[in-house]
Every structure is written in C-alpha cells, then in structure tokens.
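A.B. asks: The structure under discussion is supplied below as structure tokens; questions concerning it will follow.
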Amino acid sequence: MRYVSTRDNSKEYSFEDVFIKGLADDGGLYVPTSLKKFSPDELSELKNLNYNDLSTEIINQFSSDFISKDELSSLIKKSYSTFREKDVVKISNVGDLKLLELFHGPTLAFKDFALQLLGNLYEVQIAREGKALCVLGATSGDTGAAAISGLLGEKGVTVFILYPKGKVSPLQEMQMTCTGAENVFPIAIEGTFDDAQRTIKELFADLEFRASVDLSAVNSINLARILAQSVYYLYAWLKLPSEERESTTFVVPTGNFGNVFAGWLLTKMGINISEFRVATNQNDVLHRLFKSGEYSLGEVKPSLAPSMDIQVASNFERLLYYFLNGDALRVSDVMKKFREDGKYSFDHFDISGFSSVSASDKEIPSLIQSVMQEYDYLVDPHTACAFKDLDPKKKAIILATAHPAKFPAVYQHAGMEIPISSSLEALKSREPFFYEVPFDASSVRSFILEKISGK
Ligand SMILES: *Cc1c(COP(=O)(O)O)cnc(C)c1O
C-alpha cells in the first residue's frame, strides 16, 4: 500500500514513512492511495475471527510492505496481551443500546489500542535499522499516559511528553510520572496544553534537529493509530444481527476527530454504516461545523471531559480530503484559508452520514446520573456526552472511551460513589518523577539533547 499527503498527492510514501514520521513534511496528513473493498462473503469470514485475528486481517492490508502477516499477528497479540478483557473489547447491553467498552487496556482509555501497537512497531523498526528514536508528544492527559505505557522500557526509544502542570487530572499525571522507567521524561510546563503543542510543532519544524535525533510524533494525526482503531468498529458491527447492521448508528465522544474518522474509513471499504453521531463537550467546533457548514476556531474552555478539550480537530482534514474527492490542492487551499482567517465556510458541505451533539459542563454530571438511573451503568464524563439527546429507540453502539475511575472528581462533586480501579490505586504508592523545563522551544531542545547524550 502506498500513501499520499492530504495537501499534495503527487508524491507517494511507504507505511514506514507514515508511522515513523506521523506528519508529512508539507504539514498534511497521510492517507492511503486506495482501499480494499470487502465483499459480503469476505465479511462473513471475518465475522468468525477473534479480536486479534481481525486486527491482523485489517492492518495487514496497510502494512504488508513493512511487516509480514505472521510477524504482524504476533505483534498484535503482544500489544493486546496487557488488556484485561479476554477478547480485548467488551460489548455491554444497556437497555436497547450497546456500549463498546474500549477502556480495558493498561491506561484505561481507548488510546491504548493504537499506542500499544505503535510502540511495538517502533521496536521492529529500531531492531532493523539499529537507529535510536526519540518520541515527542504534548498531551492533555490520555495520549501521554498511553504513549508512555506503550513505550515503557523499550530499548532505543526515548520518550519526552510535555503536559500542562496542574491541568491534567491527578491520576492521569500519575500514569505519566509514576512509571519508574528510565527512557521516559515527563515534562511539566508552566503553561497550557496549547503552549505545549506550539513548542512541539516548532521542534518538528526544525528539520535539522528533527533529523539529528530521529524525532517521531505520537499524536492522533499518526495514521497507524487510526488504522488500529478501525478494527473495533468492524468487530462490533460484525457482531450485530445482519438485519440491524445498516440501521445502527455509532455514537462517538469526539475531540480531534481521530476516533470517529477511524470508523468512517470503513464505509470506504464496503462496510455499510449509516450514521456516525459526533458527541463533543462544550468545545463544540465540530458540532457547529455539522450544523452550519462553518469550521471556525473558538477558545478552548477546560471541561469535565478534558481529553476532548480541543479547538482544532486535526483529523477533519482527512475527511475533507475524501469529501473533495482527493483534490489535494483544494484541501491545501482550505487549510491555508483556515489558518489565515481562523474559519472556513463551505458552500456545499455534504454531511450525510454524520450527525452531532454537544454537551455542556452543566449537563455532563446529570447525563452520568440519568444513565445510572436508567441503566445501572456508570459512564465516564467523555462517554456521558454521547447520551445527550439520544433516541433510546434507535439502534446505536456507543463508544465508551475511558474508565470512570480516571476522573474521580466529577463523581465526588455530583455526590456519587467514587469509582475505583486497582491499577490506578497501585500508582498512588509510587514516587512521582517529572522534570520542569521552560516551555520555549530552545530550552526543550537543549533538554532533549542533554538527556539523549547522557544515554
Ligand atoms: C482522546 C479521547 C477522546 C477524543 O478522541 P479523538 O480521537 O481525539 O476524537 C475521547 N474520549 C477520551 C477518553 C479520550 O482519551
């Protein structure tokens, strides 16, 4: 399989370029040049596979020029061996609705699906090339924790994660700082997530530095992450009775549009999914886009569902590429205009296949309580957004993106019993370690160089 950038499809790339670099040099995102269409017969064969084997079949479509199917299969087994569910995901019935529980991985959020696998792909690459990698990311919580868990103790990889001090949940912080791993450097900055993100982008734009330390990006623009996530949509869809498949909606708590795009990609592969319902918190850039056709920046407002506190939904650029029929020049124009004006209005924005909803911070605790009353099921604050204005008579699969125990304060304030997870409790007895570095690019660059040369 070959890949192109959403902003220039005259140059082709390999799977290795895609997962190592994450972001194309022209600032665009990688997309595959073609997609296999599964026939109904092939789909009935896939229906019989367990989660790991289904992952192997799907990801192999994209990665076969980098890794053999057998090798991929054992990487996938290894990646998901740390999950607490026997078949990796669990589907729970609540009333007539289905909840696809994606929080049984080591850091209790769906990001583990992609980052456990990405860590193992890096390991293969390092063993082949004998060259060390330096992984750099900014996080508002879950990505940092999942990336650190996926790369913990891995030879040849040094991990630097910037996070805003005091602005991630205390348990998310412990997941990053209480690992005891020597190859991990959590960096607490005296700034916001946006400051961290801007510093990272500056470092990636320094092509000389980027090449000298073999810098790799782990945020959700990395296509390898998206592909690993497509699998659980297909797994859940194949488990539906065939007469319900076409009428079932996937409801997805959304921030950067990575997770919902992973599901939508299946519709290009012969999988008939009629609707994706995008559920945001009060940071509603996508909800406004789907309502009005205008994509416009707003201020990030910290919310009770912090992992969705995002105002630029990076992966929307991939959807745009497909909506514009692969016209990379137009994508490039739209993104340029968006950068300049902070907004872009579409004349003919065809949103068929999508609906959206936005839940405020006032609504999140009452959504949690009403789901509890109605179904005796405790959702986390991100998943709670998916229940806003949901028609209980419609067939729906709701993606449960995190375990409630990661966000105890929400339940405490609502006067509810505080959920507990033994893996998080174990962190509390460990000594945290983190570094404090001024968040300007040159200080972070010096810090990285110093730590790498000391190895
Ligand atoms: C990252 C995250 C989201 C948002 O996913 P996107 O791919 O950014 O849309 C939702 N819920 C939780 C718990 C997350 O960690």
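A.B. asks: Amide H neighbours of V251 under 5 Å, at least 5 residues apart or on other chains, H built in the peptide plane: list them.
C.D. replies: For V251, whose amide H was placed from the backbone, the distant partners under 5 Å are R277, I397, I398, L399.
A.B. asks: Same structure again: Give me the log10 of I(q) over I(0) for region 1-72 at q = 0.18, 0.22, 0.25 Å⁻¹, as the Debye formula computes it from C-alpha points; what are the numbers?
C.D. replies: Taking Cα atoms of region 1-72 as identical point scatterers yields -0.77, -0.96, -1.08.
A.B. asks: Another question about this same structure. Taking loop as defined by DSSP and a crowding limit of 11 other beta carbons within 10 Å, which GluC sites (Glu not before Pro) in region 275-337 fit?
C.D. replies: E299
A.B. asks: Would you calculate the volume per residue, in Å³, of the smallest convex hull containing every Cα atom of region 183-227? If you can, show how the numbers build up before the last one.
C.D. replies: Working: hull volume 4.9 nm³, N = 45.
Each residue corresponds to 108 Å³ of Cα convex hull volume.
A.B. asks: Given the peptides 249-258, 418-427, arrange them by the average over their residues of other C-beta atoms within 10 Å, most packed first.
C.D. replies: Highest-to-lowest ranking by the protection proxy: 249-258, 418-427.
A.B. asks: Distance from the Cα centre of region 62-98 to that of region 160-179, in angstrom?
C.D. replies: Comparing the Cα centres of region 62-98 and region 160-179, I get a distance of 27 Å.
A.B. asks: List the pair-distance distribution P(r) of region 42-128, using every Cα-Cα distance, as the percent of pairs falling in each 5 Å bin from 0 up to the bin containing the longest distance, rounded to whole percents.
C.D. replies: Taking all Cα pairs of region 42-128, the binned fractions are 3, 13, 21, 23, 19, 12, 5, 2, 1, 0, 0 percent.
A.B. asks: Starting from the Cα of K336, draw a straight line to each of the lysines and keep only those under 21 Å, dropping any in the same chain fewer than 8 residues away.
C.D. replies: Candidates past the 8-residue exclusion: K11, K201.
A.B. asks: Sorted from largest to smallest, which semi-axis lengths in Å does the alpha carbon gyration tensor of region 157-202 give for its equivalent ellipsoid, taking the root of 5 times each eigenvalue? Could the numbers behind the result be given before it?
C.D. replies: Values: eigenvalues 66, 44, 8 Å².
That gives 18, 15, 6 Å for the three semi-axes.
A.B. asks: With N set to the number of residues, divide the alpha-carbon radius of gyration of region 69-180 by 2.2 N^0.38 Å and report two decimals.
C.D. replies: Its radius of gyration relative to the 2.2 N^0.38 Å reference: 1.17.
A.B. asks: Where does the Debye-calculated log10 I(q)/I(0) of the chain sit at q = 0.06, 0.08 Å⁻¹, using only Cα point scatterers of equal weight, no solvent?
C.D. replies: The calculated log intensity ratios at q = 0.06, 0.08 Å⁻¹ are -0.23, -0.42.
A.B. asks: Also, I was wondering about something else. Which whole-angstrom value gives the distance between the alpha carbon centres of region 440-455 and region 202-263?
C.D. replies: Here the two parts' Cα centres lie 30 Å apart.
A.B. asks: Follow-up question, since we're still on this one. Given the Cα atoms of region 157-248, and with Rh set as the inverse mean 1/r over their pairs in the Kirkwood sense, what is Rg to Rh to two decimals?
C.D. replies: Over the Cα atoms of region 157-248, Rg/Rh equals 1.14.
A.B. asks: Using just the Cα positions, wrap region 122-168 in a convex hull and report its mean projected area in square nanometres, one decimal place.
C.D. replies: 3.1 nm²
A.B. asks: Counting only DSSP beta bridges with both residues in the chain, what percent are antiparallel, rounded to the nearest 5?
C.D. replies: Bridges in the chain are about 30 percent antiparallel.
A.B. asks: If the cut-off is a Cα-Cα distance under 16 Å, which aspartates and glutamates reach K36, setting aside same-chain residues fewer than 8 apart in sequence?
C.D. replies: By straight Cα distance, K36 reaches E45, E57, D65.
A.B. asks: Could you pull the Cα extents of region 217-272 along its three principal axes, largest to smallest, in whole Å?
C.D. replies: Ordered largest first, region 217-272 gives principal extents of 41, 20, 17 Å.
A.B. asks: If you don't mind, there's one more thing I want to ask. Taking a quarter of the surface of the convex hull around the Cα atoms of region 328-372, what do you get in nm²?
C.D. replies: Computing the convex hull of the Cα atoms and averaging its projections yields 5.6 nm².
A.B. asks: Separate question: Just need log10 I(q)/I(0) for region 258-371 at q = 0.19 Å⁻¹, Debye formula, equal scatterers on the alpha-carbon atoms, no solvent, rounded to two decimals.
C.D. replies: Debye curve over Cα of region 258-371, log10 I(q)/I(0) at q = 0.19 Å⁻¹: -1.10.
A.B. asks: List the GluC sites (Glu not before Pro) within region 179-216 that DSSP assigns to loop and that have no more than 10 neighbouring Cβ atoms inside 10 Å.
C.D. replies: On the way: sites: E182, E190, E202, E208; in loops: E182, E190.
Passing sites in region 179-216 are E182.
A.B. asks: Please work out the Cα center distance from region 1-38 to region 392-410, rounded to the nearest Å.
C.D. replies: Measuring centre to centre over Cα atoms gives 32 Å.
A.B. asks: Please state the relative contact order of region 66-136 as a whole percent: Cα pairs under 8 Å, 6+ residues apart?
C.D. replies: About 25 percent, as a whole number.
A.B. asks: Turning to a different aspect of this structure: Given H placed on each backbone N at 1.01 Å, which residues far from F439 in sequence or on other chains put an amide H within less than 5 Å of it?
C.D. replies: Long-range HN contacts for F439: E190.
A.B. asks: Another question, if that's okay. Filter the trypsin sites (Lys or Arg not before Pro) in region 58-114 down to the DSSP loop ones having no more than 16 other Cβ atoms within 10 Å, then list what survives.
C.D. replies: Taking region 58-114 and a limit of 16 other Cβ atoms within 10 Å, the loop trypsin sites (Lys or Arg not before Pro) found are R84, K86.
A.B. asks: Taking every Cα atom in region 309-429, find the radius of gyration and the maximum pairwise distance Dmax, and write them in Å.
C.D. replies: Every Cα atom of region 309-429 included, Rg and Dmax give 19.3, 56 Å.
A.B. asks: In this model, which of K37/K77; K69/K395; K301/K337; K111/K301; K362/K394; K47/K291 are farther than 27 Å apart at the alpha-carbon?
C.D. replies: K69/K395; K47/K291
A.B. asks: Find out how many positive minus negative residues lie around K301, taking Lys and Arg as positive, Asp and Glu as negative, among other residues whose Cβ is under 15 Å from that of K301. All intermediate terms of the calculation are to be shown ahead of the outcome.
C.D. replies: Numbers: positive: K167, R288, K362; negative: D194, D284, E299, D309, D361, E363.
Once all neighbours under 15 Å are counted, the net charge is -3.
A.B. asks: Let me check I have the definition right: for region 376-444, take the eigenvalues of the Cα gyration tensor, multiply each by 5, take square roots. What are those semi-axes in whole Å, largest first?
C.D. replies: Equivalent ellipsoid semi-axes, largest first: 33, 19, 11 Å.
Bear in mind that the values in this text are calculations on the coordinates, not laboratory data. These numbers were taken from a predicted model, which means no experiment stands behind them. Quick reminder, even Gly has a Cβ in these numbers, built from the backbone with ideal geometry, and neighbours come from all protein chains shown.
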